[in-house]
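Here the structure comes first, spelled out in structure tokens, and everything after it is commentary.
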């Protein structure tokens with residue numbers, strides 16, 4: 001008997017696996033290119049210039065902000081009258097007006113509380129900072145009453161001329177009422193004139209700015225006096 005062959009079906013054919021080429025991981029398209037010679041040169045220049053840029057920012061930005069003027073000029077300058085006041089022991093002391101030293105003047109009650117203590121500390125700090133710069137300034141503290149000065153204030157009063165003044169005398173000397181004067185520090189020049197006032201409440205940055213302002217003011221005074229003559 002003649003047998004007929006039937007065509008093979010898909011089920012009868014053996015399975016075959018097709019293997020496709022994998023991406024070439026070594027291909028430059030898949031790997032970051034190494035920095036060029038120009039890139040290396042720019043990186044080196046940036047590393048060299050960065051310290052110079054930081055120094056420029058400190059010198060031209062940070063220092064001017066720190067050394068910005070602090071205080072208000074009294075214009076026209078106010079002449080301090082020749083007046084006699086009493087010291088802590090009641091002995092008379094004359095303020096000569098013209099011919100005296102540069103003075104930093106503060107005001108407060110004999111019973112000096114926290115805010116007043118801070119003002120005394122700032123006044124003393126400014127004087128000490130100026131002395132380190134070879135700038136001589138004396139301290140004058142006006143006491144608003146006849147009460148005893150607490151012993152705890154003695155270290156802060158050391159080196160200051162403490163005189164008692166009535167409210168009327170304070171206004172004669174400083175040109176403002178005691179209620180306003182207690183929040184200020186006043187600058188008197190050797191000609192016996194009040195030339196500047198500044199807040200007595202100061203943070204550390206303001207103390208540095210006030211010191212720089214006073215140093216500049218005092219350094220410029222001889223030239224100004226020569227111009228006036």
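The values are calculated or read from the model by the stated rules, or taken from the named source; none is laboratory data. In this text, all values refer to a predicted model and were calculated from it rather than measured experimentally. Ideal geometry is used to build each Cβ from the backbone, glycine not excepted, and the neighbour counts take in all protein chains shown.
Numbers below:
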quantity: Some residue of the range 183-202 being under 21 Å from residue 115 (Cα atoms) and assigned to a helix (DSSP H, G or I); calculated: no
quantity: Residues located in the range 127-149, provided they are free of Cβ contacts under 8 Å to residues at least 40 places away in the same chain and assigned to a loop (DSSP other than H, G, I, E, B); calculated: 134, 136, 144, 145, 146, 147, 148
quantity: Top-ranked residue of the range 90-110 - restricted to ones that are at pLDDT 90 or above and outside any strand (DSSP E or B), ranked as surrounded by the most Cβ atoms within 10 Å (Cβ to Cβ); calculated: 102
quantity: In the range 111-126, the residues that are in contact (Cβ under 8 Å) with a residue 12 or more places away in the chain and in a helix (DSSP H, G or I); calculated: 115, 116, 117, 118, 119, 120, 121, 122, 123, 124, 125, 126
quantity: Hits in the range 161-182 (condition: in contact (Cβ under 8 Å) with a residue 40 or more places away in the chain and either over 17 Å from residue 111 (Cβ atoms) or assigned to a helix (DSSP H, G or I) (or both)); calculated: 161, 169, 170, 172, 173, 174, 175, 178, 181
